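Inspection log for the structure reproduced underneath, given as C-alpha cells.
FYI, it's all coordinate maths here, none of it is from the lab. Since this is a predicted model, take the numbers as computed values, not measurements. FYI the Cβ positions are ideal-geometry reconstructions off the backbone, even for glycines, and counts take in every protein chain you see.
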Amino acid sequence: MSAFILPDSHIRFIINAAMHLDLHDRVKWYTHGTATYPPHRLGELHDGTAERVGAMLIAENYESFNARYQEKGGDPHPYVHRFAQLPFAFDPVQLLRALDCYEYQTCEHDGWYESEARAFCEAVRLKAISVLPGYEKAEWVVK
C-alpha cells in the first residue's frame, strides 16, 4: 500500500460535510469501551472545535505516512479551518468515499485503531449512513 499526505481541501471537505449532516445533532465521538474501562466522549464537532479536529486529522495522516515509510515526511502543518460551501450538492455517499480515502491513507501506524481520528471517522460514517435516501423509511425490525 502506498500512502500520501492528503490536501487540506480533503480534510476541509470532511469537516464541512460532517457539520452539514445534521445541524441540530452534532457529530460526537467516543473511545471504545472495554470490560474494565467504559467508553467516554472525546469530542464534538462544531464551529469552535473544527480547527482542532482538522489539525488532529492532519497529524494522524502524517503519523501514518511516517510509519509507512519509516522516515520523517515532514511535520504536520497548522490547519486553519474555513467554513465553505461544499463544492457540489451535499451527497452522503461522497462523504463516505472521502472518509474511506482518509482512513486508507491514515491507518498505517500502530496507534490507528485506538486513535481519536478513527473514532471521529466512525461517528461521521454512522451519521452519514443515517441520512442516506430511504434509510429513515426502512423497516426497523425485519420480520
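A few notes on this one:
- Difference of contour (0.36 nm per residue) and Cα-Cα distance, D110 to S2: 37.3 nm
- Placed amide H near Y30: partners under 5 Å, 5+ positions off or other chain: L42
- Extension gain, V80-C101: 0.36 nm per intervening residue step, less the Cα-Cα distance, totals 5.5 nm.
- If R0 is taken as 30 Å, the Cβ-Cβ distance between W140 and R26 corresponds to a FRET efficiency of 0.80.
- The local environment of A3, defined by Cβ-Cβ distances under 11 Å, has a net charge of -1 under the rule Lys, Arg +1 and Asp, Glu -1.
- Simple spin-label estimate for V93 and S9 in nanometres, 7 Å along Cα-Cβ: 2.2
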